[in-house]
Amino acid sequence: MQRLIDGYRRFREETWPQQKARFEELAERGQSPKTLVIACSDSRVDPQMIFSAAPGELFVVRNVANLVPPYMPDAAFHGTSAALEFAVRVLKVERVLVLGHALCGGVAALLHGAPPEAQDFVVGWISIAAEARERVLRCDPAEQQTEGEHEAVRISLANLMTFPWVVEAVQAGRLTLHGAHFGVATGRLMLLGENGEFHPAS
């Protein structure tokens, strides 16, 4: 905990004086981010850092393997879907970016099984991408992890289009959907093109 407190002190001493006016404006006017980023919970992948974003610029949802479940309005707990609903219908973001990444433990669990200690929730959650498992495992073993990470992004984008109000906003031209993949070791960002393949961000 002390490390967190030390970090907070540095924030107050160094960052807060520079960002004070922006935070005050955000407090007074509220947030109006233009982009929703759906990213992985992995501690090595920080959307705000990757995109050099200032406070208030990104509405970020993080979960295991950056997955979006299909539209399922029932009484269960749907954290990612609730955040998506708030971002699209209330904040009226202009774009949704699904951000996958290299070395994703959730994708590794999908392909090779979750650790014994992660059976209560992880197994059910990553089953969102189960349709891609057999397809990915037919790839060259050296490419399976990366291809699985790419597939997680594609499946999430497809699932976004099961939400009727996402479809409505996309068809009206108010919302665009995007996919990307971040290399943890390289720092390079790959974007999902219209052809369904990933290519380096220019």
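The values are calculated or read from the model by the stated rules, or taken from the named source; none is laboratory data. Computed from a prediction, not measured in an experiment: that's the story for all the values here. As a convention, Cβ positions derive from the backbone with ideal geometry for all residues, glycine included, and neighbour counts pool all protein chains shown.
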## Note on the structure
Pro115: passes all of (1) under 20 Å from Ser81 (Cα atoms); (2) out of contact with any strand residue (DSSP E or B) (no Cβ under 6 Å at 6 or more places or on another chain); (3) not acidic (Asp, Glu) but (1)
### Message
Could you go through region 106-120 and let me know if any residue there is in contact (Cβ under 8 Å) with a residue 12 or more places away in the chain, within 23 Å of Leu36 (Cα to Cα) and crowded, with 19+ Cβ neighbours inside 10 Å.
### Response
yes
### Among the candidates Leu67, Leu36, Leu103, Leu58, residue that is over 23 Å from Ala118 (Cα atoms), in the same structural domain as Glu168 (by TED's automatic domain parsing) and in contact (Cβ under 8 Å) with a residue 40 or more places away in the chain
Leu36
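Rundown of residues vs (1) surrounded by fewer than 17 Cβ atoms within 10 Å (Cβ to Cβ); (2) in contact with an Asp or Glu (Cβ under 8 Å, 6 or more places away or on another chain); (3) under 30 Å from Leu137 (Cα atoms), yes/no style:
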site: Asp6; (1), (2), (3): yes, no, no
site: Lys34; (1), (2), (3): yes, yes, no
site: Ile38; (1), (2), (3): no, no, yes
site: Pro47; (1), (2), (3): no, no, yes
site: Phe59; (1), (2), (3): no, no, no
site: Asn66; (1), (2), (3): no, no, yes
site: His78; (1), (2), (3): yes, no, yes
site: Leu84; (1), (2), (3): no, no, no
### Message
I need every pair where a residue in region 191-202 that is in contact (Cβ under 8 Å) with a residue 12 or more places away in the chain and under 13 Å from Leu97 (Cβ atoms) has its Cβ under 9 Å from the Cβ of a residue that is of a type in the set (Gly, Ala, Ser) and exposed (fewer than 10 other Cβ atoms within 10 Å of the Cβ), sequence separation at least 6 or different chains.
### Response
Leu191/Ser202
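How about region 156-182: which of its residues are without any contact (Cβ under 8 Å) to a residue 12 or more places away in the chain and in a helix (DSSP H, G or I)? If you could, list the steps in order and put the result at the bottom.
In the first step, residues of region 156-182 are kept if they are without any contact (Cβ under 8 Å) to a residue 12 or more places away in the chain; the result is 158, 167-168, 170-173.
Across region 156-182, the qualifying residues are Ala158, Val167, Glu168, Val170, Gln171.
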### Query
Is it true that Gly148 is assigned by TED's automatic domain parsing to the domain that holds Gly187, closer than 14 Å to Ala39 by Cβ and surrounded by 18 or more Cβ atoms within 10 Å (Cβ to Cβ)?
no
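Looking at region 131-186 only, could you name the residues that are of a type in the set (D, E, K, R) and more than 30 Å from Arg89 (Cβ to Cβ)?
Taking region 131-186 and keeping what is of a type in the set (D, E, K, R), we get 131, 133-135, 138, 140, 143, 147, 149, 151, 154, 168, 174.
Across region 131-186, the qualifying residues are Arg133, Glu134, Arg135, Arg138, Asp140, Glu143, Glu147.
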### Query
Is one or more of the residues making up region 21-30 within 23 Å of Leu84 (Cα to Cα) and touching a strand residue (DSSP E or B) at 6+ places or on another chain (Cβ under 6 Å)?
no
